[in-house]
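Working notes for the structure below.
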Amino acid sequence: WYQRRVREAVVSTQSTGCGPVTVTMSGDPDNPSLFPLVTLHDFGFDHVSQFQTFQKSGEEAARFLAQFRTYHIDLPGCEEGAGDASGPVPTLDELASVIAHVRTSCSITDKMVLLGVGAGANIAMRYMTTHTKTVLGVILVEATNDHESWTKWTQDKITDMVMKPSEMFSIRNEKPAEIANTLLDKHFGRSASPTPILSDSRRYLIHRMLTNGNVNNYHRYYESFYTRKPLPPAAFNENTVVPSLVISARQSWRNDASVDLRAQLQNGGKEASLLEPSPCFLLPLEEAPLECSISMMLFIQSLGLGLTAGLTSSSTLQEAYSRAEKTKEMISQEPEMV
């Protein structure tokens, strides 16, 4: 039922102060009373490459998404078929203002749940602290609130100097495949991926960037993230923080920063839950979709949403995982119809 009711359509391509933004809505178009879920992708992704695998991962993810009408934001220049972006590279704070623009343009009046991954999670966090009254809760996947670490900064600086000796972020003369691989090195590293899922994800992202996207624009988005400034502790208080769920792969290079961010959110005086699926290395929505979708479902139920969707806010995560695994095992053991 849930998967049959999920549809998707581009609702608007808008001009903002940061450039063109494409918004794609999915969900049940016949039920406008559903709460709005706004998604924000990481650098090197668009909304399709970031969320499509999770959307199709199974009943629990479909059950979660069925509680919303979802607005997928493709950040400036990251939409399919985009031309080269121009003008100054926007900061993450400027990109956060895109959410306010989308809220107005799409006539979103209810409080939103924000779902951001990586750089998109950082943008969602910034919007939350400045537009708190419009946000019901935030789900932050592989989120950070820090400077680029010195180790990673040095590694990326050397990479950029080798690829772009004349100007650090001038990439117009580089081959698209080289730019795409360099961007993904910043996610996956240069060593062999530890799991088949990550290997397949990298191959898919390379293909999608080269056939559907604009790698120069993807690199602009990375520059916005690379030059980020963390929010100060004073930015997190009872007037600027909402309930949150922080998800970070236990073996991810972002895990320590995500755990630190969760502590900062807790200091703001609101509930901040933490999910660390393991073994999981980088992409928890793809590597651990069952754990993520159940945790998300229980999180929104704690906000008062989806209370009749099959789980209860009093369920423990382990109980929910066990129930879902038993259901999956029963389905796998059903005899095939001839």
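Tabulated data for the structure shown
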{"item": "Hits in the stretch 279-289 - residues which are open to solvent by 10 Å² or more (accessible area, probe 1.4 Å) and within 19 Å of Phe68 (Cβ to Cβ)", "result": "Pro289"}
{"item": "Subset of the stretch 233-288 (residues that are without any contact (Cβ under 8 Å) to a residue 60 or more places away in the chain and of a type in the set (Ser, Thr, Tyr))", "result": "Ser273, Ser278"}
{"item": "Condition broken by Arg69, with the remaining ones in (1) in contact with a Leu (Cβ under 6 Å, 6 or more places away or on another chain); (2) buried (at least 23 other Cβ atoms within 10 Å of the Cβ) satisfied", "result": "(2)"}
{"item": "Qualifying residue in the stretch 279-295 (condition: aliphatic (A, V, I, L, M), in contact with a strand residue (DSSP E or B) (Cβ under 7 Å, 6 or more places away or on another chain) and not in a loop (DSSP other than H, G, I, E, B))", "result": "yes"}
{"item": "The stretch 269-278 - residue that is surrounded by fewer than 21 Cβ atoms within 10 Å (Cβ to Cβ) and out of contact with any Lys or Arg (no Cβ under 7 Å at 6 or more places or on another chain) and, of those, nearest to Pro196 (Cα to Cα)", "result": "Ser273"}
{"item": "Residue in the stretch 169-199 that is modelled with the lowest pLDDT, counting only those that are more than 22 Å from Ala119 (Cα to Cα) and of a type in the set (D, E, K, R)", "result": "Arg172"}
{"item": "Cβ pairs under 6 Å, 6+ apart, first in the stretch 180-207 and open to solvent by less than 30 Å² (accessible area, probe 1.4 Å), second at pLDDT below 85 and not in a helix (DSSP H, G or I)", "result": "none"}
{"item": "Which listed residue is modelled with pLDDT under 55 and either farther than 25 Å from Ser293 by Cβ or in contact with a strand residue (DSSP E or B) (Cβ under 8 Å, 6 or more places away or on another chain) (or both), from Thr151, Thr130", "result": "Thr151"}
{"item": "Selection count, the stretch 75-114, where residues are under 15 Å from the mean Cα position of the chain (by Cα) and surrounded by fewer than 19 Cβ atoms within 10 Å (Cβ to Cβ)", "result": "0"}
{"item": "Residue identified as modelled with pLDDT of 95 or more and either buried (at least 16 other Cβ atoms within 10 Å of the Cβ) or within 23 Å of the chain's Cα centre (by Cα) (or both) among Leu298, Leu265", "result": "Leu265"}
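The values are calculated or read from the model by the stated rules, or taken from the named source; none is laboratory data. Please read these numbers as outputs of a predicted model, since none were measured by experiment. Every residue, glycine among them, receives a Cβ derived from its backbone with ideal geometry; neighbour counts consider all protein chains shown. Heavy atoms of the whole protein, side chains included, go into the accessibility calculation; ligands, DNA and RNA do not. Shrake-Rupley method; radii C 1.70, N 1.55, O 1.52, S 1.80 Å.
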